[in-house]
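Taking it in order: structure first as structure tokens, then the write-up.
Since every read-out is calculated from the coordinates, none of them should be taken as a lab result. Predicted model, so just to flag it, every value in this text is computed and none were measured. Cβ placement follows ideal geometry from the backbone for every residue including glycine, while neighbour counts extend to all protein chains displayed.
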Amino acid sequence: MKKIALTGIKPTGILHIGNYFGAIKPALELVREYDARYFIADYHALNTVKDPGLLAAQIRQVAAGWIAAGLDPERVIFYRQSSIPETFELATILMAFTAKGLMNRAHAYKAAVQENAAKGDDPDAGINMGLFTYPVLMAADILLFDSDVVPVGKDQVQHVEMAQDIAQAVNFTYKETLLRVPEASVREQVAVVPGLDGRKMSKSYGNTIPLFAPEKELRKLIMRIVTNSQGVEEPKDPESSQIYLLYKLFAAPEEQRSLADRYRAGGMGWGEAKEALFQAANRELSPLRQRFEGILSDPAGLDAILARGAEKARPIAAQTVARLRKAAGISSG
Ligand code: ADP
Ligand code: TRP
């Protein structure tokens, strides 16, 4: 029996290259070795996206993005979280095993509280229960499908650890391995893809390179990357330049070495380094961009793919929930 890999992406904005290298690409590489279950975390997105038209569009864009990046719906069970109602039943069960204190320690919630404090606002201002209980819903996503590994970026490791804690609490209570304890899988070399300003690339910082940006926009964004004031002739350190760090993601090892040598030798300005990055990025992203446009132009086809995925996922989900209800003394009748 193959082990199970599972991950989800929230449709809270358009996909960027941080999502691609940090989450999508590593997840797609696992498909060869694992039974993969990948999904669109649309109810997680509802915590922040309250515009229905926008949410609907982003769900389709993220789904099309996965397929354009190479997800084969015949090999991967690919679905919307909202199509699996068992997720929400399991989340309710897990609530009973989740310490409130554990939620208090979640990074996203803590950051929101700190932001309020910094502004002198009420600590709970703008924080909904969806954000507070976010890790429980995510644990339900993971535990529902007996996941062994969860490919994610570094920022999600804490959430996977919380899913471990919650699974262990359930197993301990019923003295039975009802829920498989998952492990996060993080690719160290791409754990944090830097953004245009050098901070982590993130929708919330507005410093992203969208994965499907048209060629002209891609060039413009790359030319906007913030650099220091070193002149053309000065030798430069590749590893402390985010242009080079981004280039590494797109270039073959020998191309990486050759650009690194040119950095160290001096005589290459930032403009030229950016041009090399643009060429390498465009080479990898052009075919993706074309596939993406094609998939998006057939929304009914896309919906059918997701509906088939949900059909495959639900029987698995139903088994997990039935197992827990039985163990808990809540019959399915
Ligand atoms: P954002 O920070 O832009 O809101 P999400 O939180 O929606 O991105 O992340 C979706 C997935 O992409 C997660 O697995 C996350 O770890 C990964 N990811 C996001 N940004 C980066 C980044 N800059 N580097 C590596 N992985 C990232
Ligand atoms: N929290 C993840 C993110 O922000 C998205 C997500 C929801 C997820 N449920 C999941 C990731 C289950 C992995 C497994 O990126």
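Okay, here's what the table says:
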| quantity | calculated |
| --- | --- |
| For peptides 3-13, 78-88, sequence by mean Cβ density within 10 Å, most packed first | 3-13, 78-88 |
| Alpha-carbon Rg/Rh ratio, for segment 167-250, with Rh computed the Kirkwood way | 1.26 |
| Charge dipole (the chain, unit charges on Cβ, about Cα centre) - positive-most of 266, 70, 305 | 305 |
| Given charges at beta-carbon only (K, R positive; D, E negative), |dipole| of the chain in Debye | 360 debye |
| Selection of GluC sites (Glu not before Pro), segment 1-75, meeting DSSP coil and at most 12 other Cβ within 10 Å | 33, 74 |
| Calculated P(r) of segment 29-158 - Cα pairs past 18 Å, % | 62 percent |
| Angstrom value of the Kirkwood radius, inverse mean 1/r, which spans all Cα pairs in segment 91-189 | 14.3 Å |
| Number of Lys pairs (Cα under 22 Å; 8 or more positions apart or on different chains) in segment 1-77 | 4 |
| Peptide ranges 261-272, 306-317, 40-51 listed from the most packed, as the mean C-beta count within 10 angstrom indicates | 40-51, 306-317, 261-272 |
| Nearest-20 debye value, segment 178-260 charge dipole, Cβ charges on Lys, Arg, Asp, Glu | 420 debye |
| Electrostatic dipole magnitude of segment 95-176 [Cβ: Lys, Arg +1; Asp, Glu -1; Cα centre; debye, to 20] | 180 debye |
| Segment 110-156 - convex hull of alpha carbons, volume per residue in Å³ | 74 Å³ |
| Rounded, prolate or oblate (a/c below 1.5 giving rounded, otherwise prolate when a/b exceeds b/c) for segment 1-92 by Cα gyration tensor | oblate |
| Segment 39-99: C-alpha gyration tensor shape, a/c 1.5 cut-off, then a/b vs b/c | oblate |
| All-pairs alpha carbon distance profile, the chain, 10 Å steps from 0, percent | 5, 23, 31, 23, 13, 4, 1, 0 |
| Set 216/248; 203/312; 175/312 screened for pairs whose C-alpha atoms are more than 28 Å apart | 203/312; 175/312 |
| Farthest positive-ward along the chain dipole, Cα basis, beta-carbon charges - from 247, 39, 19 | 39 |
| Set of lysines with alpha-carbon distance to residue 119 below 16 Å, sequence-local pairs under 8 removed | 110 |
